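Participant: Quick one: structure below, then a few questions.
The values are calculated or read from the model by the stated rules, or taken from the named source; none is laboratory data. Computed from a predicted structure; not experimentally measured. Neighbour counts run over all protein chains shown; Cβ positions are idealised from the backbone, glycine included. SASA here: full protein model, heavy atoms, side chains in, ligands and nucleic acids out. Shrake-Rupley method; radii C 1.70, N 1.55, O 1.52, S 1.80 Å.
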Amino acid sequence: MPIAATRIENVETILVDLPTIRPHQLSMTTMKGQTLMILRIRMSDGIVGVGEGTTIGGLAYGPESPEGIKLAIDTYLAPILLQSDPNRIGRTMGAINKAVQGNNFAKCAVETALIDAFGKRSRVTAAELMGGRIHDRLPVAWTLASGDTATDIAEAEEMLARRRHNIFKLKIGRHDPRNSIAHVAAVKKALGDRASIRVDVNQAWSEATASRCLPLLSDAGVDLIEQPIALRNVKGLARLARETTMAIMADEALSGPETAFQLAQSAAADVFALKIAQSGGLFATAKVAAIGEAAGIGLYGGTMLEGAVGTAASAQLFSTLSQLEWGTELFGPLLLTEEILEEPLEYSEFSLKVPTGDGLGISIDEDRLNCFRRDRAEHSFHVLPNRKTGS
């Protein structure tokens, strides 16, 4: 059945500030809250496509921030969208890529909203538009990032008891490497074979430090180390990969198909962290995954600690990948104290259920969105009970 002609009538960007359940420590910053940039694209047929642009720790992590994403869309991308056919996503994104350099997070938010709208209009899930869902559920890792060993062990034990997570990633780039490795070893010893332990350095180590620490991490029982050195040091990453039998994952070094090809060509990574925002959209991330598969590189579904919209979009794509041997870390919504969906994403049995509704398969709770949007003074709202705690 042909898709009816339609046009874009309005592009709306909203900053939403949400608290986190605890401080989240990374090597470059400590997050005490998260800002989501929610995008809504309204069509002439009444359909509204939703996307999200979210970063980790504002500008501390990378070159884009929620405020910058909003500005880029409002100023540069929205005028292009208003002149584009939303049913021709490839052509629309091609026009945007020609007119706007970089800004992968902003482009991802736009592409996600277009995919969501097209899926709703076609009455299929985003996964079907991307080739068809293979997985109904996705394994989900949890990041232990309190900075305290006893706290991290207790948190991991709780997650195991609740059957919510049995894969744990520890952020270890912030402190002295010797203390960090002792911290990791203590957590692994406490959990034993009940959980997979992985570490993320977030580029904090020099190549020499990483070379010295890799055997110690392996002896501690770590399964994987993520981005131990600077993203631009691809040759150094390749040297480290040759030195160890532990899997090395590229994260910040991946910013789309071009960098994926360079990493694969240099044999600089055993695993790719797939992130739809970092790569510039779902279609670009699918290309990154294809490069990884062709090169025999393992795949891992990464996160920028997005809220429910970005997480749902990632889940739709990741569900189409046949080889996702390292699982995912789509826990972003669980790090937030507040819910903005009418029906929260379902986490149970150490996994996330992939939404099955049209498009992204989610619906925004308008009252809660208005309650937490940064410009809420311009909107009438009332304080709502916490959907996650009931308080």
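Participant: Given the residues Thr13, Thr92, Thr75, which is the only one that is crowded, with 20+ Cβ neighbours inside 10 Å, at pLDDT 95 or above, over 21 Å from Ile340 (Cα atoms) and polar (S, T, N, Q)?
Facilitator: Thr92
Participant: Considering only the range 362-376, how many residues are in contact (Cβ under 8 Å) with a residue 40 or more places away in the chain, open to solvent by 30 Å² or more (accessible area, probe 1.4 Å) and in contact with an Asp or Glu (Cβ under 9 Å, 6 or more places away or on another chain)? Give the steps one after another, and end with the answer.
Facilitator: Restricting attention to the range 362-376, the residues satisfying the condition of being in contact (Cβ under 8 Å) with a residue 40 or more places away in the chain are 362, 364, 369, 372-375.
From the residues that got through so far, the ones that are open to solvent by 30 Å² or more (accessible area, probe 1.4 Å) too are 372, 374-375.
Keeping just the survivors that are in contact with an Asp or Glu (Cβ under 9 Å, 6 or more places away or on another chain) gives 372, 374.
Residues flagged as in contact (Cβ under 8 Å) with a residue 40 or more places away in the chain, open to solvent by 30 Å² or more (accessible area, probe 1.4 Å) and in contact with an Asp or Glu (Cβ under 9 Å, 6 or more places away or on another chain) within the range 362-376 amount to 2.
Participant: Would you confirm whether any residue within the range 348-356 is of a type in the set (Val, Ile, Thr) and either outside any loop (DSSP other than H, G, I, E, B) or over 20 Å from Pro139 (Cβ atoms) (or both)?
Facilitator: So in the range 348-356, the residues of a type in the set (Val, Ile, Thr) come out as 354, 356.
Then keep just the ones that are either outside any loop (DSSP other than H, G, I, E, B) or over 20 Å from Pro139 (Cβ atoms) (or both); that gives none.
Within the range 348-356, none of the residues are of a type in the set (Val, Ile, Thr) and either outside any loop (DSSP other than H, G, I, E, B) or over 20 Å from Pro139 (Cβ atoms) (or both).
Participant: Then there's this: Using the structure shown, decide if Leu240 is crowded, with 20+ Cβ neighbours inside 10 Å and more than 25 Å from the chain's Cα centre (by Cα).
Facilitator: Details: crowded, with 20+ Cβ neighbours inside 10 Å: yes; more than 25 Å from the chain's Cα centre (by Cα): yes.
Yes, satisfied.
Every residue, every condition in (1) of a type in the set (A, V, I, L, M, F, W, C); (2) modelled with pLDDT of 95 or more, yes or no:
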site	(1), (2)
Met249	yes, yes
Thr259	no, yes
Ala273	yes, yes
Ala284	yes, yes
Lys287	no, yes
Gly298	no, yes
Glu306	no, yes
Ser319	no, yes
Leu335	yes, no
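Participant: Within the range 195-205, does at least one residue satisfy the condition of being out of contact with any Asp or Glu (no Cβ under 8 Å at 6 or more places or on another chain), of a type outside the set (A, V, I, L, M) and either closer than 19 Å to Trp326 by Cα or free of Cβ contacts under 8 Å to residues at least 24 places away in the same chain (or both)?
Facilitator: Taking every residue of the range 195-205 in turn, none turns out to be out of contact with any Asp or Glu (no Cβ under 8 Å at 6 or more places or on another chain), of a type outside the set (A, V, I, L, M) and either closer than 19 Å to Trp326 by Cα or free of Cβ contacts under 8 Å to residues at least 24 places away in the same chain (or both).
Participant: Something else: Applying the selection to the range 200-213, what residues are in contact with a helix residue (DSSP H, G or I) (Cβ under 9 Å, 6 or more places away or on another chain) and under 12 Å from Leu237 (Cβ atoms)?
Facilitator: Within the range 200-213, Val201, Trp205, Glu207, Ala210, Ser211 qualify.
Participant: Those residues that are of a type in the set (Gly, Ala, Ser), within 17 Å of Ala141 (Cα to Cα) and in a loop (DSSP other than H, G, I, E, B), I need them from the range 188-219; list them, please.
Facilitator: Of the residues in the range 188-219, the ones of a type in the set (Gly, Ala, Ser) are 190, 192, 195-196, 204, 206, 208, 210-211, 218.
Checking which are within 17 Å of Ala141 (Cα to Cα) leaves us with 192, 195-196.
The one that is of a type in the set (Gly, Ala, Ser), within 17 Å of Ala141 (Cα to Cα) and in a loop (DSSP other than H, G, I, E, B): Ala195.
Participant: Now, a different point. Could you say which residue among Thr320, Thr337, Thr328, Thr356 is in contact (Cβ under 8 Å) with a residue 40 or more places away in the chain, open to solvent by 10 Å² or more (accessible area, probe 1.4 Å), hydroxyl-bearing (Ser, Thr, Tyr) and within 29 Å of Ala294 (Cβ to Cβ)?
Facilitator: Step by step, each of Thr320, Thr337, Thr328, Thr356 is checked, and only Thr320 is in contact (Cβ under 8 Å) with a residue 40 or more places away in the chain, open to solvent by 10 Å² or more (accessible area, probe 1.4 Å), hydroxyl-bearing (Ser, Thr, Tyr) and within 29 Å of Ala294 (Cβ to Cβ).
Participant: How many residues does the range 195-241 contain that are modelled with pLDDT under 95 and on the phi > 0 side of the Ramachandran plot?
Facilitator: Total meeting the criteria: 2.
Participant: Return only the number of the condition from (1) over 21 Å from the mean Cα position of the chain (by Cα); (2) surrounded by fewer than 20 Cβ atoms within 10 Å (Cβ to Cβ); (3) at negative phi that Gly147 does not satisfy.
Facilitator: Of (1) over 21 Å from the mean Cα position of the chain (by Cα); (2) surrounded by fewer than 20 Cβ atoms within 10 Å (Cβ to Cβ); (3) at negative phi, only one is false for Gly147: (3).
Participant: What pairs come out if I take residues in the range 134-157 that are charged (D, E, K, R) and pair them with residues that are surrounded by fewer than 21 Cβ atoms within 10 Å (Cβ to Cβ) whose C-beta lies under 6 Å away, six or more apart or interchain?
Facilitator: These pairs meet every condition: Arg137/Lys353; Asp152/Ser146.
Participant: Still on this structure, please answer the following. In the range 120-144, which residue that is part of a strand (DSSP E or B) and open to solvent by less than 50 Å² (accessible area, probe 1.4 Å) is nearest to Glu226 (Cα to Cα)? Quick ask: steps written out before the conclusion?
Facilitator: The initial filter retains those residues of the range 120-144 that are part of a strand (DSSP E or B), namely 125, 137-140, 142-144.
Add one more test, that the residue is open to solvent by less than 50 Å² (accessible area, probe 1.4 Å), and what stays is 125, 138, 140, 142-144.
On the way: Thr125: 31, Leu138: 20, Val140: 16, Trp142: 14, Thr143: 12, Leu144: 14 Å.
The selected residue is Thr143.
Participant: For the range 154-187, name all the residues that are buried (at least 18 other Cβ atoms within 10 Å of the Cβ) and in a helix (DSSP H, G or I).
Facilitator: Those that are buried (at least 18 other Cβ atoms within 10 Å of the Cβ) and in a helix (DSSP H, G or I): Glu155, Ala156, Met159, Pro177, Ser180, Ile181, His183, Val184, Ala185, Val187.
Participant: Suppose we keep only residues that are surrounded by fewer than 19 Cβ atoms within 10 Å (Cβ to Cβ) and within 19 Å of Leu334 (Cα to Cα) within the range 31-56. Which one would you say is farthest from the chain's Cα centre (by Cα)?
Facilitator: Lys32
Participant: Hey, another quick one. Return the residue satisfying two criteria in turn: it lies in the range 1-10 and is open to solvent by 30 Å² or more (accessible area, probe 1.4 Å) and not hydrophobic (A, V, I, L, M, F, W, C), and of such residues it is modelled with the lowest pLDDT.
Facilitator: Residue satisfying both the conditions and the ranking: Pro2.
Participant: Anything in the range 245-281 that is of a type in the set (Val, Ile, Thr) and buried (at least 17 other Cβ atoms within 10 Å of the Cβ)? List them, or say none.
Facilitator: Ile248, Thr259, Val271, Ile276
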